[in-house]
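**Q** Below you'll find the structure I mean.
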Amino acid sequence: MNLDFASNADYFFALAPEILLSIWAMVVLLAGVRKESDSRPPGEGTTLGWLSLVGLLLAAMANGWLYGVTQDAPGAMITIDGFRLFANWLFILGAGLTILVSMSYVGRQRLQSGEFYSLILLATVGMMVMGGTRNLILLFLALETMSIGAYVLTAFNRRDRRSAEGGLKYFLLGSFSSGFLLYGIALVWGATGSVHLPEIGATVAAGAGLSGLLLAGMALLLIGFAFKIAAVPFHMWTPDVYEGAPMPATAFMAAAVKAASFVAFVRVFLEAFPALYESWYPVVWWLAALTMIVANLIALSQANIKRMLAYSSVAHGGYLLVALAAASQLATAGLLFYLLVYTIMNIGAFAIVMVVSGHSEERLQLDDYSGFGWQQPTLAVLFTIFLLSLAGFPGTGGFMAKIYLLQGAVDSQLWTLAILLVLATVVSYYYYLRVAWYMWMRDAPAETTEGAGYWAPIPVQMVLLLSAGVLLYLGIFPGGLLDGALAGAEGLGLAREPFFGFLP
Amino acid sequence: MTALLQAIGYEAWALHALIWLPLVGLAAVLLSSEERARQIAFGWTSALFVLSLGLWWSFDPGGELFQLTSRTDWISAWGVSYALGVDGISLFMILLTTLTMPLAILGAFRYIRERQRAFYALMLLLQTGIIGVFASMDLFLFYVFFELTLVPMYFIIGVWGGERRVYAAIKFFLYTAVGSLLMLVAILYVYMQARMAAGGAGSFFYLDLLGTSLTLGEQLWLLAAFALAFAIKVPIFPLHTWLPDAHVEAPTPGSVVLAAVLLKMGTYGFLRFVLPFFPDAAIHPTVVMVMLTLGVIGIVYAAWVAAVQPDAKKLVAYTSVAHMGFVVLGIFALTVNGIQGGLFVMISHGISTGALFLLLGMLYERRHTREIEAFGGLAKVAPLMATAFVITALASIGLPGTSGFIGEFLALLGTFERYPVIAFIGATGVIFAAYYMLPMVQRILFNQLEREENRTLPDLTPREIAVLGPLLALMIILGVFPTPVLERMEPGVRAIVEYVDEGARGGALATLKREHETGTAELVQEPRTPRVEQAELGRTSHHGERYSPAPSWTPSPEMAANRPPWPGPVNLPVTTVFTHGDQG
């Protein structure tokens, strides 16, 4: 099927996954309202959870169908390219895993399941549009759709002060960064007369509209995105928000929301501003370097495992920024692959933390993991796999992903960043392995009874086994997915003269 | 024997089996009961040792440089292949590993009392990693296995170790990781350069990366990154500080494997990758002098430090640093004798230090202390143990007639051919070895039997005799008949020397590289190329024989009889490879 966007009906085809998912979010919401009127037995969230998963499955099928669709209208607001479709898999996977993890959680915490799931689905719609649009206005709308979903999800547990605090912080800082973004879009429009990425790219490449206005707009866009992906020094909100949010929401934010921001970041900068690469490259370079160094160093001193994972996710953002600084097709492919692996391992790790933390989320300190390994060997082995993968250890998907990023960096001759990346990885070994050493090398405190309160219902077990299995599989046979990522990065990369020298 | 092995197709599956069968054993151990785990692990590793013995006969000292080769695409997007092969260098490392494992496990029977299943499972995982390191012919594969050995060792030290086990485990892990991750960047650099030179298709295959043209400056940087990784592993003098901690805190079987095999991954890396990949940098006078000096400092310094250790295990740990100093000397002297000596020290050190750690473990099981002062006069109450101890100590010092002598003598001889002063200083290390080892032997075994608790110290049990017996026998046998080992090593060593020395890029390694580039490249390396084209082309090997690869290749009888050269179907007469006997 070929779309030329001559008629508006073509947009319906091009947006099939998003439209399906939006409708489904409404269905879930209504179903939730109907259920709301009954007196709710605990564990009721499951039905709605499976219902939401069906919606994601439909969206996934529509996304698969889009592979057979071509378009020949570069001016359209929505594009159907490998990048978008690959990113969509990422978001659908992230949302699906989150919903599986949260199924029993919402029941246990007595959250309104209909709203919870539909918010996840709507935020996913926002992400999917972010990945697929070439229009800055639409991008902003999609970003807000996603962000508002994420704000509400953070504050979703009304009975918990920390959740409310996190939600408020996230909302304030998030809106602030959206403001930057919007202002940046306005300035770019003012300088180039367009909000369409390829047109901006063409105008900038032609040298027209090159002005302080354009550079200022680009800088504001950069700041806005840096907020969203929590790059140092714009990361301050992350630990509090991640700590306060309900656990599945944290997993969702750390994985999918960050992935979506990255996808949009990459598309905007590689499609609209490739000609200004020399201007934004040093900034991205420093952001990447600072993020890797600072986040890893702070993570070293975290005793709360949720905060540790929060800083670890900031650090992973730094690794991903290296790919953006490299700005080649290889690097973008590495970024896509890394995002996929990162989504899986991060949600897996958060799922374990959720299981261990218990009913009222009280067991969150490293100390609580003392002797955990010998009490719950299966869970602990899975957690060790996730940690090793986060650390980028051979045999896991995290290793292949890190190699891919490194290849991109080395290919673009970013020596200092490549070396910083591996040194930061060594630092990260320490805090990931520290969890392993609490689990396996310390004895459990005497008073805990065996296996008290560890609570892993079947959907969570599914997530754990599935993600660990996929990570190991990708760690041994990444082949097919590597090709997929490379195809997905088609056209997103610039051929550039290699820079020499250690600093940008 | 050779015929029998050929009949059962040993060459085709031996290396795969040695790498992957430990994982089957791992599954069996995990599924068994806590009490049976050690028996299964011991039985399984022993069976693997017997299996690996076939390598001895299957490896033809006069044959191709790399044998038992195989290569399959693994991650085709990056040109990573699952390529295996052994030469005279890795052959003995593999045999050393398969020998050490069952003995270490047998020696652990009384030491490891808790969480036995997990322990033996990790040991088997470790074996997979180590064999993989020595058998890999693909740099990526090598790196994966190299790193893979870290995780089981981390847990072995950290869970079953002594007082400061967590500190030692994390120190071991981080030290090694820093080096190997920087090496990873260097690996990727070489890969990118080779890919650029090849015009697009990248590959991590050993022979593809070999001879990548790099400027001297690049080579020096890359050598620094590789050498850092391997020098930490060896360990070479200023980077050795993780070793005493790891050795002392590790449980006995962990120390044995660490000393006997894991350290050798470092020196092996120097021989296999550092020298041939960066030949100009490796013969750069400054680099050579730095490495030799560090080697000599390691020998002398470690000997002095060892001499004052009150803890017997720490003393033995420092002797490892000293012994590995000899290996470094031998390698960087870049003479056939030197490298062969270095390799022989690696084997001999694996056997004798492994045995020393086992003996100290046995003492510890009896007395729960490793302080030298706590013993004395044991020769009277435990004569068998004392005999074993003395023989092992003498082999470790390098007394003529033991394996230690051959290695150190050859290494020093090889060094003397080029750097007499260095060799002279290094030779004093042999004297210092006597200075630290003999007093320890005297204070533990002889002197007065003063302490009451030592009077009832039981002698070796039959199980312990079974552990030590093979090692003691090997110390003597290798000391008296080193030739069968040396003749198998020689082609591999000579190939490296001839390739690297004076930037000659000659010898068997260069021949192999040429063959790889001209002859077999299309058939094996790029399966996507249409076969018809190759059939039409026909090729002339540099030996002048014309052959036409058939569209689907099946071995002809005479091809099957000869072993195929690397890694595929070209059937070349083996005439140029150096055989034993043309030495000098």
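**Q** Taking 35 Å as R0, compute the FRET efficiency from the Cβ-Cβ separation of A:Asp443 and B:Gln39 and round it to 0.05.
**A** Using R0 = 35 Å, I get an efficiency of 0.80.
**Q** With every protein chain present, what accessible area does A:Tyr11 have (1.4 Å probe, heavy atoms only), rounded to the nearest 10 Å²?
**A** Approximately 60 Å² for this residue.
**Q** Would you work out what percent of the accessible area of chain B, with all protein chains in place, is carbon or sulfur (probe 1.4 Å)?
**A** Of all accessible area on chain B, carbon and sulfur atoms account for 64 percent.
**Q** Could you check the simple spin-label distance between B:Tyr167 and A:Glu165, using points 7 Å along Cα→Cβ, in nm with one decimal?
**A** In this crude label model, B:Tyr167 to A:Glu165 measures out at 3.6 nm.
**Q** Rounding to the nearest 20 debye, state how big the charge dipole of chain B is about its Cα centre with +1 on each Lys and Arg Cβ and -1 on each Asp and Glu Cβ.
**A** Once rounded to the nearest 20, the dipole reads 1240 debye.
**Q** What are the membrane-span-like helices in chain B by this rule: whole DSSP H runs, Cα extent along the axis at least 18 Å, mean Kyte-Doolittle hydropathy at least 1.0?
**A** Correct list, ordered by number: B:10-31, B:88-107, B:116-135, B:165-198, B:216-233, B:285-307, B:312-333, B:383-397, B:420-445, B:462-480.
**Q** Starting at the first residue of the range A:258-273, write each ³J(HN,Hα) from the Karplus equation 6.51 cos²θ - 1.76 cosθ + 1.60 with θ = phi - 60°, in whole Hz, x for Gly and Pro.
**A** Rounded to whole hertz, the list is 5, 4, 5, 4, 5, 4, 5, 3, 4, 5, 4, 6, 8, 9, 8, 10.
**Q** Which number gives the lysine pairs in the protein assembly as shown that have C-alpha atoms under 16 Å apart and are eight or more places apart or on different chains?
**A** 4
**Q** For helix A:277-300, what angle does its Cα long axis make with the longest principal axis of chain A, in degrees from 0 to 90 and rounded to 10?
**A** Helix A:277-300 sits roughly 10 degrees off the main axis of chain A.
**Q** Another question, then. In Å and whole numbers, how far do the C-alpha atoms of chain A stretch along each principal axis, longest first?
**A** Rounded to whole Å, the extents work out to 71, 56, 41 Å.
**Q** Along its principal axes, what span do the Cα atoms of the protein assembly as shown show, with the longest given first and each in whole Å?
**A** Principal extents (largest minus smallest coordinate, Cα): 91, 76, 54 Å.
**Q** At 1.4 Å probe size, with the rest of the protein present, what percent of the exposed accessible area of the range A:2-490 is carbon and sulfur atoms?
**A** 68
**Q** Using a 1.4 angstrom probe, figure out how much accessible area the range A:304-440 has per residue, in square angstrom, rounded to the nearest whole.
**A** 16
**Q** Going by a 1.4 Å probe on protein heavy atoms, which residues of the range B:61-79 end up with at least 30 Å² less accessible surface in the whole assembly than in their chain alone?
**A** Listed by number, the residues meeting the 30 Å² cut-off are B:Trp74, B:Ile75, B:Ala77, B:Trp78.
**Q** In the range B:181-222, which residues give up 30 Å² or more of accessible area once the other protein chains are added, compared with their chain alone (1.4 Å probe)?
**A** Buried by the other chains: B:Leu181, B:Leu182, B:Leu184, B:Val185, B:Leu188, B:Tyr189, B:Met192, B:Arg195.
**Q** To continue, here is another question. If you place +1 on the Cβ of every Lys and Arg, -1 on the Cβ of every Asp and Glu, and leave all else neutral, what size is the dipole of chain A about its Cα centre, to the nearest 20 Debye?
**A** 680
**Q** Tell me the Kirkwood radius of the range B:427-517: reciprocal of the mean inverse pair distance over distinct alpha-carbon atoms, in Å.
**A** Kirkwood hydrodynamic radius for the range B:427-517: 18.4 Å.
**Q** Using only protein heavy atoms and a 1.4 angstrom probe, determine the accessible area buried between A and B, summed over both sides, in Å² to the nearest 100.
**A** It comes to approximately 3200 Å² buried between A and B.
**Q** What does the convex hull of the Cα atoms of chain B come to per residue, in Å³, rounded to a whole number?
**A** Dividing the Cα hull volume of chain B by its residue count gives 140 Å³.
**Q** Just the accessible area per residue of chain B, please: how many Å² with a 1.4 Å probe?
**A** Per-residue accessible area for chain B comes out at 34 Å².
**Q** How large, in Å, is the range B:176-287 by the Kirkwood hydrodynamic radius built from its alpha-carbon pairs?
**A** Averaging 1/r across every pair of different Cα atoms and inverting gives 15.0 Å.
**Q** Evaluate the relative contact order of the range A:2-490 (contact order divided by residue number), counting alpha-carbon pairs under 8 angstrom at least 6 apart; express in whole percent.
**A** Rounded, it is 15 percent for the range A:2-490.
**Q** When the accessible area of each residue in the range B:141-157 is compared between its chain alone and the complete protein assembly (1.4 Å probe; ligands, DNA and RNA ignored), which residues differ by at least 30 Å², being lower in the assembly?
**A** Residues of the range B:141-157 that lose at least 30 Å² of accessible area once the other chains are added: B:Val144, B:Glu147, B:Val151, B:Tyr154, B:Phe155.
**Q** Okay, next question. Pull up all non-local amide H partners of B:Trp74: gap of 5 or more, or a different chain, and H-to-H distance under 5 Å with H placed in the peptide plane.
**A** Placed amide hydrogens put B:Val80, B:Ser81, B:Tyr82 under 5 Å from B:Trp74.
**Q** Work out the FRET efficiency for B:Trp57 and A:Asn2 from their Cβ-Cβ distance, taking R0 = 60 Å, and round it to the nearest 0.05.
**A** It comes to 0.35.
**Q** Now a separate question. Mind pulling the angle between the C-alpha long axis of helix A:82-108 and the longest principal axis of chain A? Nearest 10 degrees, somewhere in 0 to 90.
**A** Here the helix axis deviates by roughly 20 degrees.
**Q** Per the Kirkwood treatment, what hydrodynamic radius in Å, one decimal, follows for the range B:115-161 from the mean inverse distance over all distinct Cα pairs?
**A** After inverting the pairwise mean of 1/r, the radius is 10.8 Å.
**Q** Accessible area per residue for the range A:74-127 in Å², computed with a 1.4 Å probe and the full protein assembly in place, what is it?
**A** 19
**Q** For B:Val290 and B:Leu449, FRET efficiency with R0 = 45 Å and r from the beta-carbon atoms, rounded to 0.05?
**A** The computed FRET efficiency comes out at 0.40.
**Q** Would you compute, from DSSP H runs of 4+ residues alone, the mean residue ellipticity of the protein assembly as shown at 222 nm, taking -39500 (n - 2.57) per run and dividing by the full residue count, rounded to the nearest 500?
**A** Calculated mean residue ellipticity at 222 nm is -23000 deg cm²/dmol.
**Q** Further question on the same structure: Quick check: Cα centre of the range A:346-421 to Cα centre of the range B:110-184, how many Å?
**A** Computed from Cα coordinates, the inter-centre distance equals 18 Å.
The values are calculated or read from the model by the stated rules, or taken from the named source; none is laboratory data. This is a predicted model, so every value here is computed, not measured. Positions of Cβ are generated from backbone atoms using ideal geometry, with glycine treated the same way; all protein chains shown enter the neighbour counts. Remember, those area values only see protein heavy atoms, side chains included, never the ligands or the DNA or RNA. Shrake-Rupley method; radii C 1.70, N 1.55, O 1.52, S 1.80 Å.
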